[in-house]
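First up is the structure itself, then whatever we jot down about it.
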Amino acid sequence: MRRTFVVGCPRSGTTIVQALLARHPAIYTLPETAFFEQLHGDLAWRWGDAQVRPSRRRWRQRLGLTRRHMREAFAALHLQLTGRRPIRPTGLHRRTLAQRFLALLDGSAAAAGRQMWLEKTPNHLLYIPEIQALAPDARFIHVVRRGEDVLASLMDVYLRFENDAAFGGGAVHWARRWNRAVDIHGRYVGHPSHHFVFLEDLVHQPEAEWERLCAFLDLPADVPLDSACQQSIANLDYEPWKLSAIHGQLRPADRKVDGLFGPKMQRWLQTHLASYDDLRALCGAHRPRTAPHLRLVGQARTAEAG
């Protein structure tokens, strides 16, 4: 079983990449689990949010023992994917529970007749070392979008849905998080188990980017795809902002920067955001040559980034 994680700054396009790949007959996927985010915690500290320190570890955590709510979350995921609760007691040790999580996804993908599973939680970008230590064979797809477009999308979805937990904090807060994401992305450029998808390239050169993705995942690129993603990747009752992305159909996203940010704010973004172009150029310098690209089978070149 091949294991793949899709990661990136929120609102960078991770949902559309997941949905597009889920149209391939070899790939099994599921809604965001946030498993490693919950298992290891300290999300705000890992993002580098101002004035946030790592949480104090109780003796159970220092010994690597899991918290009760984490074991309950795993049991709920097991029920969701298999239709039954775990027969064995849920693992008390953090590593044991993580191994059972991987085994659960392995079994679910195999039961669906798929050769690979794809787990997409953007914040797992911050937990790559822990995932790699547990699953050295895991692969990572980094999805990257221009910083000003990420912030505009975040502000837009916040205004429309007023979800403080997911999108609150304001422009300065998210600019810092974007910069942190770029820093982490940069550490993995050139690593053979890490692949970069730049959203603008995926939208404007879908066939070439599709071939690169399939080559990285060791999948045939010329197989017929589902006309749209048939697998469940989001609960729209709780994540309505993903509606335009869940079918896995590509189209240029509406540019929200000019509508949401005035000239002064745009100048601020230009001076305070880490360079997207530098990261893209660095990835381009490490990009392997590919054969002449194939047509993206079944792809109507027309969903906004999730």
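With 10 angstrom as the radius, rank Ser232, Ser108, Ser12 by how many other C-beta atoms surround their C-beta, starting from the fewest.
Working: Ser232 12, Ser108 20, Ser12 29.
Ascending Cβ contact count within 10 Å gives the list Ser232, Ser108, Ser12.
How large is the charge dipole for the chain, taken about the Cα centre, if only the Cβ atoms of Lys, Arg (+1) and Asp, Glu (-1) carry charge, to the nearest 20 debye?
On the way: 42 positive and 30 negative charges, 276 e Å.
In debye, rounded to 20, the chain gives about 1320.
How would segment 1-125 be classified by its alpha-carbon gyration tensor: rounded, prolate or oblate, with rounded meaning a/c under 1.5 and the a/b versus b/c comparison settling the rest? Mind dumping the intermediate values first?
Details: a/c = 2.66, a/b = 1.22, b/c = 2.18.
It is oblate, given that a/c is not under 1.5 and a/b is not larger than b/c.
Name the residue farthest towards the positive end of the dipole of the chain from the options His24, Val182, Trp210, assuming +1 on Cβ of Lys and Arg, -1 on Cβ of Asp and Glu, about the Cα centre.
So the residue furthest toward the plus end is Val182.
Quick check on segment 71-175: take the gyration tensor over C-alpha atoms, sort the square-rooted eigenvalues as a ≥ b ≥ c, and tell me if it's rounded (a/c under 1.5), prolate or oblate.
Values: a/c = 2.17, a/b = 1.85, b/c = 1.18.
Judged from the Cα gyration tensor, segment 71-175 comes out prolate (a/c at least 1.5, a/b above b/c).
Would you list, by chain and number, the lysines whose Cα falls below 23 Å from the Cα of Lys264, excluding same-chain residues fewer than 8 positions away?
By straight Cα distance, Lys264 reaches Lys256.
Tell me the mean residue ellipticity at 222 nm calculated for the chain from its helices only (DSSP H runs of n ≥ 4, each -39500 (n - 2.57), averaged over every residue, nearest 500).
Working: 15 runs with 142 residues, N = 306.
Theoretical 222 nm ellipticity from helices: -13500 deg cm²/dmol.
Could you tell me what percent of the DSSP beta bridges with both partners in the chain are antiparallel, to the nearest 5?
Working: 1 of 18 bridges.
Looking only at bridges with both residues in the chain, the antiparallel portion is about 5 percent.
Just name one of Val197, Gly169, Tyr158: the one whose Cα is farthest towards the positive end of the charge dipole of segment 149-214 (beta-carbon charges, Lys/Arg +1, Asp/Glu -1).
So the residue we want is Gly169.
Could you please rank Lys120, Lys264, placing first whichever residue has the fewest other Cβ atoms within 10 Å of its Cβ? Working shown, then result.
On the way: Lys120 27, Lys264 8.
Fewest to most other Cβ atoms nearby, the residues stand as Lys264, Lys120.
FYI, it's all coordinate maths here, none of it is from the lab. Predicted model only: the values in this text are computed from it and were never measured. No Cβ is skipped: glycine too gets one built from the backbone with ideal geometry, and neighbour counts run over all protein chains shown.
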